[in-house]
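Structure first, commentary second.
FYI, it's all coordinate maths here, none of it is from the lab. Please read all numbers here as calculations on a predicted model, not as lab measurements. Heads up, the Cβs are rebuilt from the backbone with ideal geometry, glycines too, and the neighbour counts pull from every protein chain shown.
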Amino acid sequence: MAIRKPKRSEGRRANQLRTLKITRGYTQAAPGSVLIQTGQTVVLCTATIDEKLPEWREASGLGWVTAEYDMLPGSTGRRRKRQRLRTDGRATEIQRLIGRVIRSVVDFEKLGPRTIWLDCDVIQADGGTRTAAITGAYVAMADAVRQLRREKRIRVTPIVEPVAAVSTGKVGGRLVLDLDYEEDSSAEVDFNVAMTGSGKFVEVQGGAEGNTFTRDELDRMLALAAGGIRKLIAGQKRALARGTR
């Protein structure tokens, strides 16, 4: 008797991403504003420009990129409290991750003495919110940089190359790409992987939950992630080639 593999959202294959939709210019005020949808996960990413630097950065004359992340109260089935005074530990860890990943592809000398703020707000969560935030935040930053160039505040782009992120893991003994919430909550192993357009890893974070994995499985999961990220970066490029709505 054949073992039936559990069905994936959207009837996906093991190496298939969820449906990706990137909408640029989603709001009017921010120079970079992107609504990114990966399956049922929806994140609003905005990029704003501040002509100031953090105090500790001022003497360097180099630019800076930083991020904030939060989940809106109605983004999950159970209402989340607003983080009015301080972020919780999970949100702090994720926003630091977003900042690290995006900074890896920025030339701060070319950016000049200014800060780009990336704000990522989860509207609807179905797994992979941090990876969607990274992928969307890159596009929002690219639009903010375009505005800086249009206004002749910088001469050349400080963006070295694109970057995106995706999850991968082991669910029901099967290695899969881009886990939704149901898969993530039952995964034996799960990783979040960020990679640049040239195929260099920026971040690999994850591990097993009450289980173990082999070196071969790790290599195969990283290969799954790399293939998925190449497709995400292609999606970013298509979005940036289109006009905003």
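Could you give the alpha-carbon Rg of segment 25-78 over 2.2 N^0.38 Å, rounded to two decimals?
Details: Rg = 15.2 Å, N = 54, 2.2 N^0.38 = 10.0 Å.
This ratio for segment 25-78 stands at 1.52.
Applying 1/(1 + (r/R0)^6) with R0 = 25 Å to the Cβ-Cβ distance of residue 216 and residue 90, what FRET efficiency is obtained, to the nearest 0.05?
Details: r = 31 Å, r/R0 = 1.24.
With a Förster radius of 25 Å, E is 0.20.
Please work out the Cα convex hull volume for segment 167-245 and give it in Å³ per residue. Intermediate results must be reported in sequence, preceding the final value.
Working: hull volume 7.9 nm³, N = 79.
Considering the Cα atoms of segment 167-245, their hull volume per residue is 99 Å³.
Please report how many Lys pairs in the chain have alpha carbons closer than 20 angstrom, counting only residues at least 8 apart along the chain or sitting on separate chains.
9
One-quarter of the Cα convex hull surface for segment 89-142, in nm²?
Details: hull surface 16.3 nm².
Reported value for the Cα convex hull: 4.1 nm².
Between residue 78 and residue 209, what's the calculated FRET efficiency when r is the beta-carbon distance and R0 is 22 Å? Round to 0.05. Please list the in-between numbers first.
Details: r = 21 Å, r/R0 = 0.98.
That gives a FRET efficiency of 0.55.
Calculate, in whole percent, how much of the Cα-Cα pair population of segment 1-158 lies beyond 25 Å.
On the way: 4515 of 12403 pairs.
Above the 25 Å cut-off, segment 1-158 has 36 percent of its Cα pairs.
In nm, give the distance between the simple-model label positions of residue 15 and residue 147, each being 7 Å from the Cα along the Cα-to-Cβ direction.
4.0 nm
Can you pull out the GluC sites (Glu not before Pro) in segment 28-130 whose DSSP state is coil and whose Cβ has at most 12 other Cβ atoms within 10 Å?
Working: sites: 51, 55, 58, 68, 93, 109; in loops: 51.
Here the GluC sites (Glu not before Pro) that fit, given the DSSP loop and packing criteria, are 51.
On average, how much area does the Cα convex hull of segment 108-204 cover when viewed from any direction, in nm²?
Details: hull surface 29.2 nm².
Taking the Cα atoms of segment 108-204, their convex hull projects to 7.3 nm² on average.
What are the trypsin sites (Lys or Arg not before Pro) within segment 2-59 that DSSP puts in a loop, where the Cβ has at most 15 other Cβ atoms within 10 Å? If you can, show how the numbers build up before the last one.
Values: sites: 4, 7, 8, 12, 13, 18, 21, 24, 52, 57; in loops: 4, 7, 8, 12, 13, 18, 52.
When the trypsin sites (Lys or Arg not before Pro) of segment 2-59 are filtered for loop state and at most 15 Cβ neighbours within 10 Å, 4, 7, 13, 52 remain.
Take every Cα pair under 8 Å in segment 167-245 that's 6+ residues apart, average their separations, divide by the length, and report that relative contact order as a whole percent. Please report the intermediate quantities before stating the final value.
Values: 101 pairs, mean separation 22.0, N = 79.
The normalised contact order for segment 167-245 reaches 28 percent.
What does the charge dipole of the chain about its Cα centre add up to, to the nearest 20 debye, if the Cβ of each Lys and Arg holds +1 and the Cβ of each Asp and Glu holds -1? Don't jump to the answer; show the numbers that get you there.
Numbers: 42 positive and 29 negative charges, 166 e Å.
Result for the chain is approximately 800 debye, rounded to the nearest 20.
With a 10 Å radius around each residue's Cβ, average the other Cβ atoms per peptide and rank 214-226, 190-202, highest first.
Working: 214-226: 15.2, 190-202: 18.9.
In descending order of packing, they fall as 190-202, 214-226.
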